[in-house]
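First comes the structure, then the notes that go with it.
The values are calculated or read from the model by the stated rules, or taken from the named source; none is laboratory data. Computed from a predicted model, the values in this text were never measured in an experiment. Here the Cβ positions follow ideal geometry from the backbone for every residue, glycine too, while neighbour counts run over all protein chains shown. Surface accessibility is based on the protein's heavy atoms, side chains included, excluding ligands, DNA and RNA. Shrake-Rupley method; radii C 1.70, N 1.55, O 1.52, S 1.80 Å.
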Amino acid sequence: MAAVRSVNKMFGVCFRAARQTAGLTGVRLPGHRAFRVGAVQRQQPFDSSLEKPQFPGASAEFVDQLEFIQPNVISGIPVYRVMDRQGNIINPSQDPQLSKETVLNFYQKMTLLNTMDRILYESQRQGRISFYMTNYGEEGTHIGSAAALDPNDLVFGQYREAGVLMYRGFPLDLFMAQCYANADDLGKGRQMPVHYGSRDLNFVTISSPLATQIPQAAGAAYAVKRENMNRAVICYFGEGAASEGDAHAGFNFSATLECPLIFFCRNNGYAISTPTNEQYRGDGIAARGPGYGMLSIRVDGNDVFAVYNATKEARRRAVAENQPFLIEAMTYRIGHHSTSDDSSAYRSVDEVNYWDKQDHPISRLRHYMMARGWWSEDDERSWRKQSRKTVMEAFERAEKRLKPNPELLFTDVYHEMTPHLDKQRESLWRHVQQYKEHYPLDLYDK
């Protein structure tokens with residue numbers, strides 16, 4: 001309970017900071033919100049005798065001094081953490097007290113993701129797949145948040161949340177099938193690599209256009225609220241996506257409609273090549289929450305326990321109180337943005353090495369486990385060897401599989417094939433037959 005109280009305290013920091021600023025004493029903390037569908041939130045009765053603002057658009061007091069609100073009115077939002085860089089628990093009351101088995105599962109999922117990334121990244125460089133995006137350095141944000149959710153909670157990802165899907169049980173064979181676009185791919189080979197999705201695991205298929213998932217998540221959370229189920233929605237995005245107009249729409253809709261939604265921002269320092277100091281002038285993304293009436297928190301994204309605590313409490317309250325939460329997880333993207341990017345053009349090797357060698361979420365958790373005697377150097381060597389073997393076996397199986405049947409190009413759009421699709425299908429097969437030496441159909445599933 002001490003950990004819960006501390007996280008609740010952190011969620012209120014933005015609002016307290018605003019209250020302490022001169023001229024902003026009217027800011028109110030959101031209280032418990034009862035379930036309501038379609039109800040009208042009425043204004044307070046108008047009383048002309050009161051010498052106070054009656055404007056319906058804000059809660060405030062009159063002042064008689066001309067003063068513009070400074071852009072840093074909410075600045076220096078602290079970063080909540082549980083472990084230091086050496087894996088030591090800073091405040092014992094914040095230790096989530098997870099079992100040895102749970103912590104080992106965290107570590108193995110984080111390192112398995114890391115191993116899969118290395119193999120698939122190398123395979124793209126060898127021309128075996130067309131594209132890839134690694135998750136190096138952000139493994140703690142994936143696993144810590146995924147572990148705090150209920151399996152029935154709906155996930156909207158961006159394109160760097162493979163660990164969330166892995167934690168939910170998505171098998172390596174399906175990761176590989178998607179990247180290879182083979183006959184086992186759930187998306188039937190229609191998406192570019194790393195655009196995963198799983199209906200069974202409540203993970204909405206990734207979409208390339210930036211930030212489109214944010215208003216979609218708001219709509220899904222509103223639907224969940226109307227169903228009155230013990231269920232939440234979580235929406236992942238980067239600090240670059242938060243500059244899109246869709247982010248504003250999603251934040252505002254979720255707050256005004258009072259939706260059980262967790263906005264999870266991975267602030268990894270770069271929007272492709274654009275650093276944060278060129279991306280925004282305010283105090284990060286968490287500072288935007290109060291402007292939308294959302295409780296917000298900033299956490300150390302390289303501390304898997306801090307991410308877990310914050311997400312677990314946000315999830316509990318989002319469902320109980322029907323309101324959105326904003327979590328800004330501060331982390332660092334160690335890898336290139338994608339295989340189409342060369343980050344050496346806009347950042348130094350020393351900068352990357354610092355995060356890779358001195359403040360990595362995997363090494364931090366390993367220090368924690370080794371201090372408790374839960375892990376050893378022998379365990380590390382054995383697990384690394386075993387995990388690489390497991391990934392390579394899945395990789396080799398995927399490479400040998402046939403490609404999806406070309407007929408699937410025309411299915412799953414309409415319930416019945418339309419005349420114009422029939423014409424396109426006939427035209428395709430005429431073309432293939434005419435130039436069949438260029439189309440090795442034996443490589444495709446029948």
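For segment 98-225, the solvent-accessible area with a 1.4 angstrom probe is 33 square angstrom per residue. Were the residues from GLU380 through ASP356 laid out at 0.36 nm apart, the gain over their Cα-Cα distance would be 6.9 nm. Among bridges DSSP assigns within the chain, what percent are antiparallel (round to 5)? Within the chain, antiparallel bridges account for around 15 percent of the total. In the set (1) 92, 59, 41; (2) 66, 55, 44; (3) 87, 63, 43, the label that goes with Cα extents along the principal axes in Å computed for this structure is (3). Exposed loop sites here are chymotrypsin sites (Phe, Trp or Tyr not before Pro) in DSSP loop states with at most 10 other C-beta atoms within 10 Å. What is the longest stretch of the chain lacking them? In short, 69-413. FRET efficiency for the pair LYS436 and ILE119, taken as 1/(1 + (r/R0)^6) with r the Cβ-Cβ distance and R0 = 41 Å, rounds to 0.75. With loop membership from DSSP and a limit of 13 other Cβ atoms within 10 Å, the longest segment of the chain without GluC sites (Glu not before Pro) is 68-415.
Ligands, DNA and RNA left out, the 1.4 Å accessible surface of the chain is 51% carbon and sulfur atoms.
When a/c is below 1.5 the answer is rounded, else prolate if a/b is larger than b/c, else oblate, so apply that to segment 81-125 with a ≥ b ≥ c taken from the square roots of the Cα gyration tensor eigenvalues. Note, shape of segment 81-125 comes out prolate.
Placing R0 at 22 angstrom, the Cβ-Cβ distance between LYS423 and ARG199 gives a FRET efficiency of 0.10 after rounding to 0.05.
Across the cross-link table entries LYS100/LYS357; LYS188/LYS225; LYS357/LYS400; LYS400/LYS423; LYS225/LYS312; LYS188/LYS423, which are compared at the Cα atoms, the separations over 28 Å belong to LYS188/LYS225; LYS357/LYS400; LYS400/LYS423. Each residue, GLN65 and ASP445, gets one label point 7 Å from its Cα in the Cβ direction; the gap between the two is 7.0 nm. Give the residue list of trypsin sites (Lys or Arg not before Pro) in segment 229-312 that are DSSP loop and have at most 10 other beta-carbon atoms within 10 angstrom. Answer by residue number: ARG281.
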